[in-house]
């Protein structure tokens, strides 16, 4: 067992930096790439069956590759959740109208009416009615990614038209 740990330590010393570079090429975060490589070695050490692996170097690279992709997938999910939370925080609250005059509110709704029909419907469901992207997607029979794309288009168009309107800038 001690010789196996020495072998693993020598592999760690020899391959740590190249494996970190491999992981970094995917995750673009040096600290995270180090964590991924260390986690791979720790998992292998805990399993204890690394002596039976034929091509240990290729095995390490494959593990680091898959763990890097798994990290990216999880990070993407976190970003999507944050985007959804941000969209939910922009839900129109009628009680907020006290701080804006009637012209500002009319301007906002006129700009929303100018959106293409599909984009407008998605925007109304998510930003005004407060549905989550997944709920709007189910209701409109669209994919969640389509809803996200439509929301991005809506916000982009509204931002372009909001140059002189403080209410549009506040709500988008």
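Worth pointing out:
Yes/no per residue for (1) modelled with pLDDT under 90; (2) exposed (fewer than 10 other Cβ atoms within 10 Å of the Cβ); (3) over 30 Å from residue 157 (Cα atoms):
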residue: 40; (1), (2), (3): no, no, yes
residue: 54; (1), (2), (3): yes, yes, yes
residue: 67; (1), (2), (3): no, no, yes
residue: 95; (1), (2), (3): yes, yes, no
residue: 102; (1), (2), (3): yes, yes, no
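- Screening region 115-163 for helices (runs of 4 or more DSSP H) wholly inside it with 3 or more residues that are free of Cβ contacts under 8 Å to residues at least 40 places away in the same chain and more than 20 Å from the chain's Cα centre (by Cα) returns the ranges 117-123, 133-140.
- Filtering region 27-54 to residues that are out of contact with any helix residue (DSSP H, G or I) (no Cβ under 8 Å at 6 or more places or on another chain) and either within 15 Å of residue 8 (Cβ to Cβ) or assigned by TED's automatic domain parsing to the domain that holds residue 126 (or both) leaves 38, 42, 46, 47, 49, 52.
- Flag if residue 91 is modelled with pLDDT under 85 and either under 21 Å from residue 161 (Cβ atoms) or over 29 Å from the mean Cα position of the chain (by Cα) (or both): yes
The values are calculated or read from the model by the stated rules, or taken from the named source; none is laboratory data. Note that this is a predicted model, so its numbers are computed, not measured. Cβ sites come from the backbone with ideal geometry, for glycine too, and all protein chains shown count toward neighbours.
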